[in-house]
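One structure is given here, and the rest of the page talks about it.
The values are calculated or read from the model by the stated rules, or taken from the named source; none is laboratory data. As the structure is a computational prediction, the values presented were derived from the model and not from experiment. Glycine gets a Cβ as well: all are built from the backbone with ideal geometry, and neighbour counts include every protein chain shown. Just so you know, the surface numbers come from the protein's heavy atoms only, side chains and all, with ligands and any DNA or RNA stripped out. Shrake-Rupley method; radii C 1.70, N 1.55, O 1.52, S 1.80 Å.
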Amino acid sequence: MERNRQAFAAALLAASAPIVAGPAAAQTVYVSNERSSTVSVIDVAQGKVVGEWPVGKRPRGITFTRDGQHLLVAASADNAVELRDPASGALLATLPSGADPEQFFASYAGDLLFVANEDNAAVTAVDLVGRKVAWQVVVGDEPEGVAQSPDGKWLLVTSEEDNAVSWIDIATRTVTQEMETDARPRHIEFAPGGAKVWIAAEMGGTVHIADVASRKIEKTLTFAPPGVQAYKVMPCGIRFTPDGKTAVVALGRANAVAVVDVGTATVRGYVTVGERPWHLAITPDGARAIVANGASDSVSVVDIAAMAVTATIPAGGGPWGVALGR
């Protein structure tokens with residue numbers, strides 16, 4: 001057991017590169033299913049589920065460790081994060097996470113996992129090597145979105161109840177600023193390069209673009225999918241293509257995603273997907289978005305350039321998050 005832990009630690013500490021799927025397994029995605037408490041393993045090329053694993057209760061956040069060797073699943077109702085073998089689904093370890101983990105972010109150094117704890121207004125840093133809590137910082141009520149800046153300096157956490165983003169100085173582990181947002185900020189994503197950060201405000205129906213140097217919101221995007229009532233536009237997941245030129249935003253009850261030109265911060269168009277898309281992932285070539293449709297128990301494969309759905313694949317109950325295989 002100790003030998004395995006040492007090997008795992010060495011791999012983590014060597015994994016400072018971004019999480020990127022390798023070409024051989026780029027067609028495999030892992031989807032957390034909130035209602036059925038499962039993870040669906042989907043072969044996108046074949047357009048079908050090739051595996052379905054029972055996991056902890058109410059899985060939401062899902063990602064890989066920075067070395068790409070292990071899958072992390074936030075079992076929200078179990079107050080734990082599961083470390084799993086992506087090949088077999090075997091549970092390798094259960095990590096402490098604080099209360100009600102929802103979204104999380106694997107640190108760029110690979111040694112920590114930053115977890116938003118919705119029920120106790122905190123963000124927890126989990127030591128992936130020692131498999132223990134390293135530290136915790138109090139933030140606003142109902143934290144959900146969490147992301148580290150690419151330079152490693154900042155940890156940003158959204159507060160749905162307080163309508164704010166906490167800027168945490170990682171070196172001192174202190175909140176240096178609370179930045180006000182529109183209603184219920186759910187997700188936060190740094191644009192490639194790290195100069196800007198995008199914040200999805202679900203009930204506000206908007207996405208803010210903030211400048212990291214000044215820590216101020218510079219622009220706010222609004223969305224108007226054709227034929228959709230404004231109150232149904234509920235932005236959630238945001239992902240960027242690897243070249244940084246395009247963002248795809250899940251719009252919740254609008255049953256659509258928006259394709260946004262990053263350089264001009266304008267919406268190119270909309271793609272109708274399944275019901276209530278929550279989160280998504282973009283393939284390493286930047287060609288497709290894989291979208292989890294929470295209310296229709298399916299995953300949509302979107303051709304980003306064509307702005308069209310090319311496949312709809314059944315998943316488990318309540319698809320929530322998407323992680324690309326490696």
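Some points to look at:
- Model label zone, Arg35; criterion: amide N under 18 Å from point 7 Å along Cα-to-beta-carbon; scope region 243-262: 252-256
- Under 5 Å from the amide H of Glu52 lie the amide H atoms of Val41, each residue being 5 or more positions distant or on a separate chain, with H modelled from the backbone and absent for Pro and chain starts.
- Residue-averaged [θ]222 nm for the chain, counting only DSSP H segments that reach four residues, each worth -39500 (n - 2.57): -1000 deg cm²/dmol
- Gain upon complete extension [Met307, Val133; 0.36 nm per residue less C-alpha separation]: 58.4 nm
- Flagged links, alpha-carbon separation over 29 Å, of Lys132/Lys245; Lys57/Lys132; Lys132/Lys153; Lys216/Lys245; Lys48/Lys196; Lys153/Lys219: Lys132/Lys245; Lys48/Lys196
- Accessible carbon and sulfur surface of the chain relative to its total accessible area, %, 1.4 Å: 50 percent
- With Rh defined as the Kirkwood radius, the inverse of the mean 1/r over Cα pairs, the Rg/Rh of region 76-198 is 0.97.
- If the segment from Ala45 to Glu275 were pulled out straight at 0.36 nm per residue, it would be longer than the present Cα-Cα gap by 80.6 nm.
- Estimated FRET transfer efficiency when R0 is 30 angstrom, pair Leu91-Arg173 (beta carbons, to 0.05): 0.50
- Most mobile listed residue (Val137, Val123, Val273) in the chain, GNM with C-alpha springs under 10 Å: Val137
- Both radii come from the Cα set of the chain: Rg as radius of gyration, Rh as Kirkwood radius; their ratio Rg/Rh reads 0.93.
- With protein chains left intact and a 1.4 Å probe, residues in the chain average 38 Å² of accessible area per residue.
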